[in-house]
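The values are calculated or read from the model by the stated rules, or taken from the named source; none is laboratory data. Everything quoted here is computed from the prediction, not taken from an experiment. No Cβ is skipped: glycine too gets one built from the backbone with ideal geometry, and neighbour counts run over all protein chains shown. These area figures cover heavy atoms from the full protein model, side chains too; ligands, DNA and RNA do not enter into them. Shrake-Rupley method; radii C 1.70, N 1.55, O 1.52, S 1.80 Å.
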Amino acid sequence: MRILVQKFGGSSLTTADKRERAIAHIRRALDEGFRVCVVVSAMGRKGDPYATDTLLSLIRENGNALGKRETDMLMSCGEIISAATMASMLNAHGVTTTVLTGGQAGILTNNDFTNAQIATINPERIIRELEQDKVVIVTGFQGRTTEWDTTTLGRGGSDTSATALGVALHAEVVDIFTDVEGIMTADPRIVEEARPLSAITYTEICNMAYQGAKVLHPRAVEIAMQTNTPIRVRSTFSDEEGTLVTSVAEANRIAGEVNDRLITGIAHVSNLTQVKVMAKEGQYDLQMKVFKAMAENEISVDFINVNPIGVAYTIHDEMVDKVVTVLNEMGYEPKLARHCAKVSMIGAGMAGVPGVMARIVETLTKEDIQILQSADSHTTIWVLVRETDMVRAVRALHRTFDLDKVRF
């Protein structure tokens, strides 16, 4: 039995016309001989009547005192509405369907309400329904505990549902349908020359997602990577194949040759503040004290540089006052660089290749952009710049590494 998992995001389901486009993709897959498991998100985004954020606003406006268990019960409603609506439309098209909640589909999670982790999946019920030539519509973003309490999977949860079901069902591919053509070399809103990628490796898209690209949630990719389950990121409103997320070998095969490109894509994150704390003379436990204090005060830190005389790290701008208060109470006067942005160059091809950082520094120097901090791994180089320089930095680096010239 050839199985295909198709996931449709909320922006693909907001109107009847958009849902008809989704149904066209489902029908095409059926015509190609696939048994189809469809995963749906809640319709729309904040402000739309059935969107998850809209449902949560009911709580904020009515006491704002709901427990996490009950919050998950509320948040699960959006996907149920989407699933039932899609089932009705498919039935009207002569396609037999069955709707399953995450729990009914066999997704078992831990008890961490609003941010649950999948423990196991038993896909037997889905398989039984598929064997009866039904399209199985599963509510994304949710599962159940051993006591049948409804749980939700946190941000990106519908992507996670789709890839986890794809793995459990041994699907040939997991299609993630969105409102964009696929994964781009950079954010097309700020780089007009950004190009769609025909293929990208699991590691590269994980790094791009962690560094600010919002097309696919990294947790979903990590699940698929464990079994080399292919993912395609596609537009609901196009028949193009989109971007295939796969292994290095398969990505190179699709490119037709060994991919020797240094950089695959550029991501960015704004609204950051750089914090520098200097050690007092003879002090050797500064790093331990600072990061322990951040953890105890539930302050998330990133872009960490540690050296014998001090530490540097970034926080989100809205956390500045809290961080300063904590550090002042410890007797430190932190040096702050507010309104910064992290620009990340991601590419499996850069590993072990000399000169990549030199090209980055040269490019930014020519643009008169100051690098406040940098770090690197085998597949990513990060630089911290002023937020006012972010767009120029991304555009210049995109040109330097020829990302505007080749579709790959």
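Below is a table of values for the structure above.
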quantity	calculated
Pairs with Cβ under 9 Å, 6+ apart, first in region 351-362 and within 17 Å of Leu403 (Cβ to Cβ) and in contact (Cβ under 8 Å) with a residue 24 or more places away in the chain, second part of a loop (DSSP other than H, G, I, E, B) and not hydrophobic (A, V, I, L, M, F, W, C)	Val356/Gly347
First in region 45-59 and free of Cβ contacts under 8 Å to residues at least 40 places away in the same chain and open to solvent by 80 Å² or more (accessible area, probe 1.4 Å), second anywhere and acidic (Asp, Glu) and in a helix (DSSP H, G or I), Cβ under 6 Å, 6 or more apart	Lys46/Asp53
Test: residue in region 180-200 that is hydrophobic (A, V, I, L, M, F, W, C), touching a residue at least 60 places away in the same chain (Cβ under 8 Å), under 22 Å from Leu13 (Cβ atoms) and buried (at least 24 other Cβ atoms within 10 Å of the Cβ)	yes
Restricting region 213-225 to residues that are touching an Asp or Glu at 6+ places or on another chain (Cβ under 8 Å) and part of a loop (DSSP other than H, G, I, E, B), the residue that is surrounded by the most Cβ atoms within 10 Å (Cβ to Cβ)	Leu216
Qualifying positions in region 272-307 - part of a strand (DSSP E or B) and either closer than 24 Å to Tyr210 by Cα or open to solvent by 90 Å² or more (accessible area, probe 1.4 Å) (or both)	Leu272, Thr273, Gln274, Val275, Lys276, Met278, Asp302, Phe303, Ile304, Asn305, Val306
Members of region 1-44 that are closer than 26 Å to Ile127 by Cα, surrounded by fewer than 21 Cβ atoms within 10 Å (Cβ to Cβ) and at pLDDT below 95	Met1
Failed item in (1) in contact (Cβ under 8 Å) with a residue 60 or more places away in the chain; (2) within 21 Å of the chain's Cα centre (by Cα), with Met73 passing the rest	(2)
Leading residue by the ranking (farthest from Asp389 (Cα to Cα)) among those in region 350-364 that are open to solvent by less than 60 Å² (accessible area, probe 1.4 Å) and touching a helix residue (DSSP H, G or I) at 6+ places or on another chain (Cβ under 9 Å)	Met350
Residue match in region 174-185 (condition: touching a strand residue (DSSP E or B) at 6+ places or on another chain (Cβ under 7 Å), modelled with pLDDT of 95 or more, within 29 Å of Gln104 (Cβ to Cβ) and assigned to a helix (DSSP H, G or I))	no
Residues of region 158-170 classified as crowded, with 22+ Cβ neighbours inside 10 Å and farther than 17 Å from Tyr210 by Cβ, total	8
Number of positions in region 327-343 that are farther than 22 Å from Leu372 by Cβ and buried (at least 17 other Cβ atoms within 10 Å of the Cβ)	0
Residue that is at pLDDT below 90, under 30 Å from His316 (Cβ atoms) and either touching a Gly at 6+ places or on another chain (Cβ under 8 Å) or not charged (D, E, K, R) (or both), where the choices are Gly265, Gly212	Gly212
Region 282-305 residues that are closer than 25 Å to Asn271 by Cβ, paired with ones that are aromatic (Phe, Trp, Tyr) and part of a loop (DSSP other than H, G, I, E, B) (beta carbon under 9 Å, 6 or more apart)	Val290/Tyr332
Residue that is least open to solvent (accessible area, probe 1.4 Å) [pool: residues in region 89-102 that are closer than 20 Å to Gly10 by Cβ and in a helix (DSSP H, G or I)]	Leu90
Pair list, Cβ under 7 Å, 6 or more apart: region 91-104 residue without any contact (Cβ under 8 Å) to a residue 24 or more places away in the chain, other residue crowded, with 18+ Cβ neighbours inside 10 Å	Asn91/Thr97
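This table checks each residue for (1) part of a helix (DSSP H, G or I); (2) under 15 Å from Gly140 (Cβ atoms).
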position	(1), (2)
Val38	no, yes
Asp53	yes, no
Ser57	yes, no
Ala65	no, no
Met73	yes, no
Glu79	yes, yes
Ala84	yes, yes
Ala87	yes, yes
Ile126	yes, yes
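Residue-wise test of (1) assigned to a loop (DSSP other than H, G, I, E, B); (2) modelled with pLDDT of 95 or more.
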residue: Gln104; (1), (2): yes, yes
residue: Ala116; (1), (2): yes, yes
residue: Leu130; (1), (2): no, yes
residue: Asp133; (1), (2): yes, yes
residue: Val136; (1), (2): no, yes
residue: Arg155; (1), (2): yes, no
